[in-house]
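Chemist: Here's a structure for you.
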């Protein structure tokens with residue numbers, strides 16, 4: 001079977017845009033706590049200040065990450081970010097081999113973010129509870145929902161031979 005052109009795969013255009021944005025957010029957000037950058041106060045550094053703006057009233061787990069959370073952000077910065085780049089190129093070029101890595105990624109990030117991080121933020125130790133659930137969900141829910149949508153997209157072999 002022949003792949004459909006990208007113009008006939010509208011959902012894939014959505015994935016290209018979203019995973020390009022995820023690449024940037026992995027670099028800006030997840031790399032900083034991983035390498036130990038302090039963003040617990042406003043800063044003149046744009047990237048540190050961006051993380052402070054998000055976390056200061058929303059995400060104490062992200063603001064003051066325990067070691068296990070730094071591993072989670074490191075996974076995003078050093079594993080998911082390169083995957084996002086490969087995924088975007090694969091979608092644009094119609095490389096069907098990306099199906100299995102996409103399923104592995106979507107499953108792992110949905111569980112890690114959806115169960116572990118959300119679990120701690122809403123039900124874990126009180127010092128890590130989000131103070132602003134709407135802002136927390138607005139920023140973090142896409143990292144659970146979009147991978148689940150990708151999982152549905154990649155449910156059958158040769159994903160780029162069909163619209164969805």
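Chemist: Tell me, please, whether a residue that is in a helix (DSSP H, G or I), within 16 Å of residue 22 (Cβ to Cβ) and touching a residue at least 12 places away in the same chain (Cβ under 8 Å) can be found in the range 121-141. Lay out the reasoning, then the answer.
Modeler: Narrowing the range 121-141 to residues in a helix (DSSP H, G or I): 121-123, 126-128, 133-140.
Within this subset, residues satisfying the condition of being within 16 Å of residue 22 (Cβ to Cβ) are 138-140.
Now narrow it down to the ones that are touching a residue at least 12 places away in the same chain (Cβ under 8 Å): 139-140.
Yes, the range 121-141 contains a residue that is in a helix (DSSP H, G or I), within 16 Å of residue 22 (Cβ to Cβ) and touching a residue at least 12 places away in the same chain (Cβ under 8 Å).
Chemist: I'm trying to understand the selection: among the residues of the range 58-95, which are in a helix (DSSP H, G or I), without any contact (Cβ under 8 Å) to a residue 12 or more places away in the chain and over 17 Å from residue 150 (Cα atoms)?
Modeler: Those that are in a helix (DSSP H, G or I), without any contact (Cβ under 8 Å) to a residue 12 or more places away in the chain and over 17 Å from residue 150 (Cα atoms): 67, 68, 71, 79.
Chemist: Follow-up question, since we're still on this one. Could you list, in sequence order, all residues of the range 57-79 that are surrounded by fewer than 18 Cβ atoms within 10 Å (Cβ to Cβ) and farther than 23 Å from residue 105 by Cβ? Reasoning before the result, please.
Modeler: At the first step, the residues of the range 57-79 found to be surrounded by fewer than 18 Cβ atoms within 10 Å (Cβ to Cβ) are 57, 64, 66-68, 70-71, 74-75, 78-79.
If the condition is that a residue be surrounded by fewer than 18 Cβ atoms within 10 Å (Cβ to Cβ) and farther than 23 Å from residue 105 by Cβ, then 57, 64, 66, 67 are the ones that fit.
Chemist: If you don't mind, there's one more thing I want to ask. Just checking, how many residues over the range 80-94 are over 13 Å from residue 16 (Cβ atoms) and surrounded by fewer than 18 Cβ atoms within 10 Å (Cβ to Cβ)?
Modeler: Qualifying residue count, the range 80-94: 1.
Chemist: Further question: Only one of these is within 21 Å of residue 135 (Cα to Cα) and out of contact with any helix residue (DSSP H, G or I) (no Cβ under 8 Å at 6 or more places or on another chain): 115, 120. Name it.
Modeler: Checking each option against the conditions leaves just 115.
Chemist: How many of the residues making up the range 1-20 are without any contact (Cβ under 8 Å) to a residue 12 or more places away in the chain and either loosely packed, with under 13 Cβ neighbours inside 10 Å or closer than 10 Å to residue 160 by Cα (or both)?
Modeler: Adding up the residues that qualify gives 3.
Chemist: Let me ask something additional. Being in contact with a helix residue (DSSP H, G or I) (Cβ under 9 Å, 6 or more places away or on another chain), in a helix (DSSP H, G or I) and farther than 26 Å from residue 82 by Cβ narrows it down to one residue among 20, 7, 40; which is it?
Modeler: 7
Chemist: Step by step: first the residues of the range 121-145, then only those that are buried (at least 18 other Cβ atoms within 10 Å of the Cβ) and under 15 Å from residue 65 (Cα atoms), then the one that is nearest to the chain's Cα centre (by Cα). Which residue is that?
Modeler: First, the residues of the range 121-145 that are buried (at least 18 other Cβ atoms within 10 Å of the Cβ): 121, 128, 130, 136, 140, 143-144.
Narrowing further to those that are under 15 Å from residue 65 (Cα atoms): 121, 128, 130.
Details: 121: 17, 128: 20, 130: 19 Å.
Applying the filter and picking the extreme gives 121.
Any read-out appearing in this document is the output of simple, stated calculations on the displayed coordinates, not a laboratory observation. This one's a predicted model, so the numbers in the text were calculated from it and none came from an experiment. No Cβ is skipped: glycine too gets one built from the backbone with ideal geometry, and neighbour counts run over all protein chains shown.
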